[in-house]
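Asks: Mind looking over this structure? Questions follow.
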Amino acid sequence: MPFWMENEFHPCFSTTKSPMAKTIIVSNRLPISLRHRNGKFEFKPSAGGLATGLDSIYKSGENIWIGWPGNTVDDAEQRAEIIIELHALKMAPVFLSKEDVEQFYEGFSNETLWPAFHYFTQYMIYNPDHWDAYVRVNQKFCEAIVKKADPDDTIWIHDYQLMLLPQMLREILPEATIAFFQHIPFPSYEIIRMIPWRKEILEGVCGADLIGFHTYDDMRHFLSAVGRITGMSGQSGYIQAENRIINVDSFPMGIDYHKFAKQAKSRKTQNIVKDFRQKVGDQKLLLTIDRLDYSKGIPQRIHVFDQLLQQHKELRGKVSMIMVVVPSRDRVQSYKELKEEIDLLVGRINSEYSTLDWVPVHYFYRSFPFEELSAFYSMSDVALVTPLRDGMNLVCKEFVASKTNQTGVLILSEMAGASKELQDAILVNPNDRQGVVDAIYEGLSMKESEQKLRIKAMQESLKKYDVFQWVKVFMDRVEHVKEKQAELTSKDVDAKVLNEIQSSFKKATNPIFFLDYDGTLTGFTANPQDAVPDAELKKLVKDLSSKAQVVIISGRDKDTLGKWFKGQNIDMIAEHGVWVHRKGQKTDWELYAEIDDTWKDDIRNVMEYYVLRTPGAFIEEKHHSLVWHYRKVESGLGDLRMRELFSHLKYMARGHNLQVLEGNMVLEIKRPDINKGRAATSLMKGHEFDFVLAIGDDWTDEDTFKAMPKNAYSIRVGYAYTQANYNIKSFKQVRQLLHKLTQ
Ligand code: GDG
């Protein structure tokens, strides 16, 4: 345990799991439904894509699936019975009260998060009671899991109803491997910021080690929101949390391809197809299948079909739409209204165009058994999958998999996650009504040879990235992130390392410390000049300098350093090694490196241009370098401008033989031969030190670490990859470490 965490919960990233370690799947709903029948309960298994994919996981070994069984049970005896029966099915229930269901599920989950995440902000409700219920129910899930979980178990949490759960669990089971997957889209920061409880939600999810989304866009939105709202920084899919790294990645979910292909070919399904065909005649069939949901764009689709029949009168009597709407959330007001709207539109279109032997829309508000669903997929000519927004959408994948003779056309909305993979569909913008009408017309007249080419290409990809592959890749990635965490924290300054440093320091007769300033001895401030050393730090430096040679080695200008550490018995190296101030010397700063600053005017002009374009940016001029600061620039814009400036300066730097370096919210251009390492080496030259300790927090300190003698201790602040021998959490722990050495 790191010594500073003795009284806190702490990370311990052991990758060597005990053979008893198990996997716990958690989702709002269990993969069964609990139904009341004649005063008794019965379970109906759910055959959803997720249940199929995770089947092999939760049914093996000691693994288990935890979730709500889908019905309220108040009677204690009945609950006890259900627990026993579910136990046999490798499941454990979380019982929710009627009020929980109304406020947590129908309320916060489906009237706040669902509309927000699907960009339907007009349906969002901000109700503090719903939020309280969301916290309370996440807590209930947490308690249920804690009862079952051991410290080194892997807990895989699913979806937007349980976003607080990862952090709740992390606090109780710090060593657990926690993964989170979101099945619905993650919207832009602009939407997330509207939710009053956005910070709690993001911090909740960040309790996980691995966070997965269907698409790269979802993951990019999530990273941006985390950066802006929680302040945690991230790079290349990794979030740097206080004491560990978190991986965020995209895992597009697949289907059980062979199950759909096999079912479509089966005699049972083909008999149903024959029967259905006899009933509807030989007209062309458009198919739409969705849960009742405003995100699926069902009314818009009826309008499109109406427009098609108006513009292409020749299609009347020749094309019908089979529209399956599966009942869902019908107690939520916006869903009730949607149902009424669909009923009205279907009534209108059918009453307008129907003939005695033809109905434009065959509308079903119910769900069908699997073999009938398969028959619909198999017999339809065109699938019209046009959600206004969808995390992935499995219906389109199932349609393609069911096309065993490889004829059929998929029209797919660009707003569905699946559109990123199924590029051989006819992709449409569902808001462009004429565009969708044209796509249907194109689909209905597409040559069979082209249909085959497209379906075949999509089938190849769906076969390869099926739901089993999805589970495998996700689980592999969980392991990968734990290994990465372990690699970084294996270098933690723990109690053992501290003891070693302490005892070697005690024995030393001539010790030296190289201490960087910003980020190492103190935190960052919006204005660099505000990071003045406080009384505690001044005393610490004083105490330490009475026992050892202390060198403050910083990128700061000499005047600031000189003012801040005036009267201290220490050495100071300023501007990464341009200037040195020896302890006890009355004379002013010595120039350590010859400086040629004829290059500065050209570069300054360019930097100024970028300051003018970027409110909040400013230039700091040092003797040997120019620094472009963007800490106070609007987040995102600062990064963008820095990248632009970086490539601009890199090009100019070649001509002047300069080096451009990216720091913590700064871009610095300087002479390459001036660095902290060179300065530290010349300061040590001709002296024998029997204890050397160097601490720093960024790339400029890596030069110091590289220059240290073999037996030196070098420590990098934060969990980044480093040349240093050790990592330490933050400047506060640096102070504690130094404090221990002064005692
Ligand atoms: C969420 C996200 C994401 C439909 N009708 C019947 C029936 N279904 C089955 C389909 C399909 C499933 O329901 C619907 O899945 P989707 O993916 O299309 O949509 P959501 O329910 O909104 O799912 C979505 C998904 O999570 C997975 O991550 O793709 O974006 O919103 O599997 O086959 N099944 C049967 N009869 C029906 O009438 N048996």
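The values are calculated or read from the model by the stated rules, or taken from the named source; none is laboratory data. Since this is a predicted model, take the numbers as computed values, not measurements. Cβ coordinates were reconstructed from backbone atoms using ideal geometry, including for glycine residues, and neighbour counts include every protein chain displayed.
Asks: Of the residues that sit in region 419-450 and are within 14 Å of the ligand (Cβ to nearest atom) and without any contact (Cβ under 8 Å) to a residue 60 or more places away in the chain, which one is nearest to Phe120 (Cα to Cα)?
Replies: By that ranking, first place goes to Ser419.
Asks: Examine region 92-105 for a residue that is closer than 30 Å to Gln333 by Cβ, at pLDDT below 85 and in a strand (DSSP E or B), and state whether such a residue exists.
Replies: Step one: filter region 92-105 for residues closer than 30 Å to Gln333 by Cβ, giving 93-105.
Among the residues that remain, those that are also at pLDDT below 85 are: none.
Within region 92-105, not a single residue is closer than 30 Å to Gln333 by Cβ, at pLDDT below 85 and in a strand (DSSP E or B).
Asks: Considering only residues that are exposed (fewer than 15 other Cβ atoms within 10 Å of the Cβ) and within 16 Å of the ligand (Cβ to nearest atom), which ones fall in region 292-325?
Replies: Matches in region 292-325: none.
Asks: Something else: Mind listing whichever residues of region 521-539 are among the aliphatic types (A, V, I, L, M) and within 28 Å of Met232 (Cβ to Cβ)?
Replies: We begin by selecting, within region 521-539, every residue among the aliphatic types (A, V, I, L, M); these are 521, 526, 531-532, 535, 537.
Scanning region 521-539 gives Leu521, Ala526, Ala531, Val532, Leu537.
Asks: In the list Gly347, Gly408, which residue meets the criterion of being of a type in the set (Gly, Ala, Ser), at positive phi and away from the ligand (no atom under 12 Å from the Cβ)? Steps first, please.
Replies: Working: Gly347 fails: at positive phi.
Only one candidate qualifies: Gly408.
Asks: Every residue in region 207-238 that is in a loop (DSSP other than H, G, I, E, B), more than 8 Å from the chain's Cα centre (by Cα) and away from the ligand (no atom under 16 Å from the Cβ), please.
Replies: Within region 207-238, the subset in a loop (DSSP other than H, G, I, E, B) is 207-209, 214-215, 231-232, 236-237.
Next cut, more than 8 Å from the chain's Cα centre (by Cα) only: 207-209, 214-215, 231-232, 236.
Within region 207-238, Gly207, Ala208, Asp209, Gly231, Met232, Ser236 qualify.
Asks: Is at least one residue of region 583-597 under 24 Å from Leu658 (Cα atoms), under 43 Å from the mean Cα position of the chain (by Cα) and either assigned by TED's automatic domain parsing to the domain that holds Arg654 or not acidic (Asp, Glu) (or both)?
Replies: no
Asks: Within region 274-291, take every residue that is of a type in the set (D, E, K, R) and within 16 Å of the ligand (Cβ to nearest atom) and give me the one that is surrounded by the most Cβ atoms within 10 Å (Cβ to Cβ).
Replies: Here is the first cut: in region 274-291, the ones of a type in the set (D, E, K, R) are 274-275, 277, 279, 282, 284, 290-291.
Subsequent filtering for residues that are within 16 Å of the ligand (Cβ to nearest atom) retains 290-291.
Working: Asp290: 21, Arg291: 16.
For region 274-291, the residue satisfying everything is Asp290.
Asks: Here are some conditions: (1) touching a Lys or Arg at 6+ places or on another chain (Cβ under 8 Å); (2) surrounded by 15 or more Cβ atoms within 10 Å (Cβ to Cβ); (3) not β-branched (Val, Ile, Thr). His648 meets all but one. Which one does it not meet?
Replies: The one condition His648 does not meet is (1).
Asks: Within region 501-518, can one find any residue that is farther than 19 Å from Val550 by Cβ and surrounded by 14 or more Cβ atoms within 10 Å (Cβ to Cβ)?
Replies: Restricting attention to region 501-518, the residues satisfying the condition of being farther than 19 Å from Val550 by Cβ are 503.
When the remaining residues are screened for being surrounded by 14 or more Cβ atoms within 10 Å (Cβ to Cβ), the result is none.
Checked against the condition, which is being farther than 19 Å from Val550 by Cβ and surrounded by 14 or more Cβ atoms within 10 Å (Cβ to Cβ), region 501-518 yields no hits at all.
Asks: Let me ask you something else. Take the residues in region 79-110 that are of a type in the set (Gly, Ala, Ser) and surrounded by 20 or more Cβ atoms within 10 Å (Cβ to Cβ), then tell me which one is nearest to Gln161 (Cα to Cα). Write out each step before concluding.
Replies: Our first condition is that a residue be of a type in the set (Gly, Ala, Ser); within region 79-110, this holds for 80, 88, 92, 97, 107, 109.
Then drop every residue that is not surrounded by 20 or more Cβ atoms within 10 Å (Cβ to Cβ), which leaves 92, 107, 109.
Numbers: Ala92: 18, Gly107: 11, Ser109: 6 Å.
Taking the candidates together, the pick is Ser109.
Asks: Quick check on this structure: which one of Ser402, Ser413, Ser378, Ser354 is among the polar types (S, T, N, Q) and away from the ligand (no atom under 16 Å from the Cβ)?
Replies: Working: Ser402 fails: away from the ligand (no atom under 16 Å from the Cβ); Ser413 fails: away from the ligand (no atom under 16 Å from the Cβ); Ser378 fails: away from the ligand (no atom under 16 Å from the Cβ).
Exactly one residue qualifies, and that residue is Ser354.
Asks: A follow-up question, please. Filter region 148-190 for residues that are within 13 Å of the ligand (Cβ to nearest atom) and in a helix (DSSP H, G or I); which is nearest to Tyr216 (Cα to Cα)?
Replies: Looking at the filtered set, the residue picked out is Tyr160.
Asks: Considering only residues of region 566-589 that are surrounded by 12 or more Cβ atoms within 10 Å (Cβ to Cβ) and among the acidic types (Asp, Glu), which is modelled with the highest pLDDT? Before you say what the answer is, go through the steps one by one.
Replies: In the first step, residues of region 566-589 are kept if they are surrounded by 12 or more Cβ atoms within 10 Å (Cβ to Cβ); the result is 568-583, 589.
Right, trim to among the acidic types (Asp, Glu) and you get 571, 575.
Details: Asp571: 95, Glu575: 89.
The residue in question is Asp571.
Asks: Does Ile674 meet the test of being in contact (Cβ under 8 Å) with a residue 12 or more places away in the chain, in contact with an Asp or Glu (Cβ under 9 Å, 6 or more places away or on another chain), among the β-branched types (Val, Ile, Thr) and closer than 21 Å to Ser625 by Cα? Lay out the reasoning, then the answer.
Replies: Numbers: in contact (Cβ under 8 Å) with a residue 12 or more places away in the chain: yes; in contact with an Asp or Glu (Cβ under 9 Å, 6 or more places away or on another chain): yes; among the β-branched types (Val, Ile, Thr): yes; closer than 21 Å to Ser625 by Cα: yes.
Against the criterion (in contact (Cβ under 8 Å) with a residue 12 or more places away in the chain, in contact with an Asp or Glu (Cβ under 9 Å, 6 or more places away or on another chain), among the β-branched types (Val, Ile, Thr) and closer than 21 Å to Ser625 by Cα), Ile674 qualifies.
Asks: Still on this structure, please answer the following. Restricting attention to region 235-273, which residues are surrounded by fewer than 19 Cβ atoms within 10 Å (Cβ to Cβ), touching a Gly at 6+ places or on another chain (Cβ under 9 Å) and without any contact (Cβ under 8 Å) to a residue 40 or more places away in the chain?
Replies: If the condition is that a residue be surrounded by fewer than 19 Cβ atoms within 10 Å (Cβ to Cβ), touching a Gly at 6+ places or on another chain (Cβ under 9 Å) and without any contact (Cβ under 8 Å) to a residue 40 or more places away in the chain, then Ser250 is the only one that fits.
Asks: Further question: Just for region 628-645: of the residues that are in contact (Cβ under 8 Å) with a residue 40 or more places away in the chain and among the small types (Gly, Ala, Ser), which one is surrounded by the fewest Cβ atoms within 10 Å (Cβ to Cβ)?
Replies: Taking region 628-645 as the starting set, the residues that turn out to be in contact (Cβ under 8 Å) with a residue 40 or more places away in the chain are 628-629, 631-632, 635-636.
Still in the running and among the small types (Gly, Ala, Ser): 635-636.
Values: Ser635: 14, Gly636: 12.
Selected residue: Gly636.
Asks: Let me ask something else. Would you say Ala261 is within 16 Å of the ligand (Cβ to nearest atom), among the small types (Gly, Ala, Ser) and assigned to a helix (DSSP H, G or I)?
Replies: Details: within 16 Å of the ligand (Cβ to nearest atom): yes; among the small types (Gly, Ala, Ser): yes; assigned to a helix (DSSP H, G or I): yes.
When the stated conditions are applied, Ala261 passes them.
Asks: Identify, from the list Gly555, Gly616, the residue that is in contact with an Asp or Glu (Cβ under 8 Å, 6 or more places away or on another chain) and either among the β-branched types (Val, Ile, Thr) or surrounded by 21 or more Cβ atoms within 10 Å (Cβ to Cβ) (or both). Break it down stepwise before answering.
Replies: Numbers: Gly616 fails: either among the β-branched types (Val, Ile, Thr) or surrounded by 21 or more Cβ atoms within 10 Å (Cβ to Cβ) (or both).
On inspection, the qualifying residue turns out to be Gly555.
Asks: Considering only helices (runs of 4 or more DSSP H) fully contained in region 404-520, which possess at least 1 residues that are under 28 Å from the mean Cα position of the chain (by Cα)? Quick ask: steps written out before the conclusion?
Replies: Details: elements: 433-444, 448-464, 467-489, 495-507.
Fully inside region 404-520 and qualifying: 448-464, 467-489.
Asks: Determine, yes or no, whether Met392 is within 9 Å of the ligand (Cβ to nearest atom) and hydrophobic (A, V, I, L, M, F, W, C). First the steps, then the outcome.
Replies: On the way: within 9 Å of the ligand (Cβ to nearest atom): yes; hydrophobic (A, V, I, L, M, F, W, C): yes.
Criteria met by Met392.
Asks: Would you confirm, using the coordinates I've provided, whether His739 is closer than 17 Å to Asn510 by Cβ and surrounded by fewer than 20 Cβ atoms within 10 Å (Cβ to Cβ)? Walk me through it before giving the result.
Replies: Values: closer than 17 Å to Asn510 by Cβ: no; surrounded by fewer than 20 Cβ atoms within 10 Å (Cβ to Cβ): yes.
No; evaluated as a whole, the condition is false for this residue.
Asks: Now for a separate question. Residues to consider are Tyr335, Tyr363; find the one that is modelled with pLDDT under 95 and either over 36 Å from the mean Cα position of the chain (by Cα) or within 16 Å of the ligand (Cβ to nearest atom) (or both). Reasoning before the result, please.
Replies: Details: Tyr363 fails: modelled with pLDDT under 95.
Result: Tyr335 is the single residue among Tyr335, Tyr363 that is modelled with pLDDT under 95 and either over 36 Å from the mean Cα position of the chain (by Cα) or within 16 Å of the ligand (Cβ to nearest atom) (or both).
Asks: Search region 296-318 for residues that are under 15 Å from Lys284 (Cβ atoms) and pair each with any residue that is of a type in the set (S, T, N, Q) and not in a helix (DSSP H, G or I) when their beta-carbon atoms are under 6 Å apart and the residues are at least 6 apart or on different chains.
Replies: Lys318/Gln283
Asks: With the structure loaded, tell me whether Ile195 is more than 16 Å from the ligand (Cβ to nearest atom), surrounded by fewer than 24 Cβ atoms within 10 Å (Cβ to Cβ) and either at pLDDT below 95 or part of a loop (DSSP other than H, G, I, E, B) (or both) or whether it fails that test. Let's see the steps before the verdict.
Replies: Working: more than 16 Å from the ligand (Cβ to nearest atom): yes; surrounded by fewer than 24 Cβ atoms within 10 Å (Cβ to Cβ): yes; either at pLDDT below 95 or part of a loop (DSSP other than H, G, I, E, B) (or both): yes.
So Ile195 fits the description; yes.
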